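Just below is one structure, and these are the notes that go with it.
The values are calculated or read from the model by the stated rules, or taken from the named source; none is laboratory data. Just so it is clear, the model here is predicted, and its values are computed rather than measured. Counting neighbours? That spans all protein chains shown, and the Cβs are built from the backbone with ideal geometry, glycine included.
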Amino acid sequence: MDPFASALDALFHGPGSEAADFVSESGVQEGVRIIRSRPTADAPFGDSRIRQDTTEIDVRRSEVPEPAPGDRFVIREIDPATQAEVETVCIIAGDPALDVEGMNWTCSAPPA
């Protein structure tokens, strides 16, 4: 097996990863593993810059060959306070970026 693929498999099944459903704009739904991060980005605002929270989702290309703007990730979690299932929908905004090895997509996907 390709060593990069083996490392990605371990990463996407390790701590910090989570299960999600990928739903394309055409309605096709597929269970995937993702890594969600919430970095802060600087955005231009007139003559200054403002800091804003963003949401990025990494997904393996082997699971999602061509994500596109408008596709979405549905993430289900258990709320620790109520023990109820909570659903978060993150919609891809902008063009996803493929990593150098061509194995992993990074999608800007803020919660809807």
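For the reader, a short list of remarks on this structure follows.
- Among the residues of the range 65-76, those identified as closer than 15 Å to GLY31 by Cα and surrounded by 13 or more Cβ atoms within 10 Å (Cβ to Cβ) are PRO67, ASP71, ARG72, PHE73, VAL74, ILE75.
- Residues within the range 43-60 that are of a type outside the set (Gly, Ala, Ser) and either surrounded by fewer than 16 Cβ atoms within 10 Å (Cβ to Cβ) or in a loop (DSSP other than H, G, I, E, B) (or both), tallied: 10
Yes or no, residue by residue, for (1) hydrophobic (A, V, I, L, M, F, W, C); (2) without any contact (Cβ under 8 Å) to a residue 40 or more places away in the chain; (3) surrounded by 12 or more Cβ atoms within 10 Å (Cβ to Cβ):
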position	(1), (2), (3)
ASP79	no, yes, no
ALA84	yes, yes, no
GLY94	no, yes, no
LEU98	yes, yes, yes
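- Residues that are among the aliphatic types (A, V, I, L, M) and touching a residue at least 12 places away in the same chain (Cβ under 8 Å), drawn from the range 100-112: MET103, ALA109, ALA112
- Looking across the range 23-42, just one residue is among the small types (Gly, Ala, Ser), surrounded by 11 or more Cβ atoms within 10 Å (Cβ to Cβ) and more than 15 Å from the chain's Cα centre (by Cα), and that is ALA41.
- Number of the condition not met by GLU101 [criteria: (1) modelled with pLDDT of 90 or more; (2) part of a loop (DSSP other than H, G, I, E, B); (3) not polar (S, T, N, Q)]: (1)
- Within the span defined as the range 40-63, every residue fails to be among the small types (Gly, Ala, Ser) and closer than 23 Å to GLU85 by Cα.
- Scanning the range 3-14 for residues that are assigned to a loop (DSSP other than H, G, I, E, B) and either under 17 Å from ALA93 (Cα atoms) or within 15 Å of the chain's Cα centre (by Cα) (or both) yields a single hit, HIS13.
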